[in-house]
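Heads up: the structure comes next, in C-alpha cells.
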Amino acid sequence: MRYTPAPDRYSRMTYRRCGNSGLKLPAISLGLWHNFGHDTPHATKRAICQTAFDHGITHFDLANNYGPPPGSAEEAFGDILKTDFAGYRDELIISSKAGYEMWDGPYGEWGSRKYLIASCDQSLKRMGLDYVDIFYSHRFDPETPLEETMGALDHIVRSGRALYAGISSYNAERTKQAVAILKDLGTPCVIHQPSYNMLNRWVERDGLKETLADLGVGSIAFTPLAQGLLTKKYLNGTPEDSRAAQGKSLNPGTITPEALAKITALNAIAERRGQTLAQMAIAWVLRGGGITTALIGASKPAQVTDCCGAIGNLEFTEAELAEIDSHAQDEAINLWARSAELAE
C-alpha cells in the first residue's frame, strides 16, 4: 500500500529557527544512528520514518558510517526516499556527516579535505540525492589544520553538494575558531551537534550553549535520552533487545544501582508532570530555547510517538528544575567519551 503522510502533520510539531539562519527545524528530529542497518528489517525502518513524518518530524539525520555495516543506513534511507517519501524531498531536511572511520587507509577518517569531499560524494550516491541540506564535520581533527576542514565544508556548500555547513562535538573554543573561519569564507556555520542530556551535561560546563547563543549558531542535541537510560526501559532489568544487551554504544556497566536510583527519581518527577520519562528528558533538553532541536533515535514506531508527546509540555518550574538537578549529575554517568575533542 502506498504511504500517504498525515494531512495534519505540521500542526503536530513545533518548528524553531536554527540560530540566525532562515532555516527552521522541528523541535524533535530523527537520527538514523542505530536500527537502520542490516540488523533491522526494512519494514521497521520504513514504519519508523513514516511515523516520524506523520508527527511533523521533517529532519532526518545520518552519517556516512551509520549501519551496520557502515553506509547501510544511508542506503536504507535512500530507498525510503524513492518509495515512501517520493515527491516530498522539498519538505525534508536531510543531513549527513564525515569524521569517523569509514574506509581503510589514510584517507578514510578525520577531517582532511580529501576525506570530507569524497565522503560527501559517497553519501549522496548512497541516498540517491543531488544534495544534502546539512553536511557536518563529525568531529574535530587535532592533526589537520582547522582551516582545511572548514575550507572543505565551504567547498561542499559552494559546489552544491550541501545547502548548509555544520560541526559536531567541537568544544566551545574550537567552535569559536571554526565559526570564525567559515564566516570569513562566506559560508556560515548554521548548526552544531553536541551530545547533551540530563546525565551528560558537558555543554554546560564547557560553555558551549552560551557560545552558540552568542554566535547565532543553532544546535541539535544527540542522545537526549542517554542511549535509552532516560526511559523506563532499564528500571526493571536489561531487556534483550536493548542497546546495552546488544552492545550498541551503551556499556552495560553504566547501568549501576546508583544510576538506576537517579533514573527512578527522575521518572517520579516525570509522572508528576504527566509525562513519560522520555518526554520529560526531551523537554528538559529543549527548555528555555537553548537547544534548537532534540535528536532522537528509535527501534520501533511507538517510541517516536512517545517522544513527540514531549511537545505538549516543554515548560518547567524552578522547583522542578532544582529537583531534577539534584538527581541529574553527569559526573556519575559518562556516556560520551570517545570524542578526542571532549577529552582535551
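Overview of results
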{"quantity": "Entirely in the stretch 236-344, the helices (runs of 4 or more DSSP H) that have 3 or more residues that are modelled with pLDDT of 85 or more and under 17 Å from Pro224 (Cα atoms)", "calculated": "257-272, 277-286, 301-308, 318-327"}
{"quantity": "Which listed residue is farther than 23 Å from Cys18 by Cα, under 22 Å from the mean Cα position of the chain (by Cα) and not small (Gly, Ala, Ser), from Leu153, Leu116", "calculated": "Leu116"}
{"quantity": "Elements of type strands (runs of 3 or more DSSP E) contained in the stretch 1-80, each with 2 or more residues being touching a Leu at 6+ places or on another chain (Cβ under 8 Å) and more than 15 Å from Ile311 (Cβ to Cβ)", "calculated": "59-61"}
{"quantity": "Count of the stretch 209-232 residues which are more than 15 Å from Pro194 (Cβ to Cβ) and out of contact with any Leu (no Cβ under 9 Å at 6 or more places or on another chain)", "calculated": "2"}
{"quantity": "Residue within the stretch 117-134 that is open to solvent by less than 10 Å² (accessible area, probe 1.4 Å), part of a loop (DSSP other than H, G, I, E, B) and either at positive phi or at pLDDT 95 or above (or both) present", "calculated": "no"}
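The values are calculated or read from the model by the stated rules, or taken from the named source; none is laboratory data. Nothing here was measured: the structure is a model prediction, and the numbers come from that model. Note: ideal-geometry Cβ built from the backbone for every residue, glycine included; neighbour counts use all protein chains shown. To get the accessible areas, we keep the full protein, side chains included, count just its heavy atoms, and leave off ligands, DNA and RNA. Shrake-Rupley method; radii C 1.70, N 1.55, O 1.52, S 1.80 Å.
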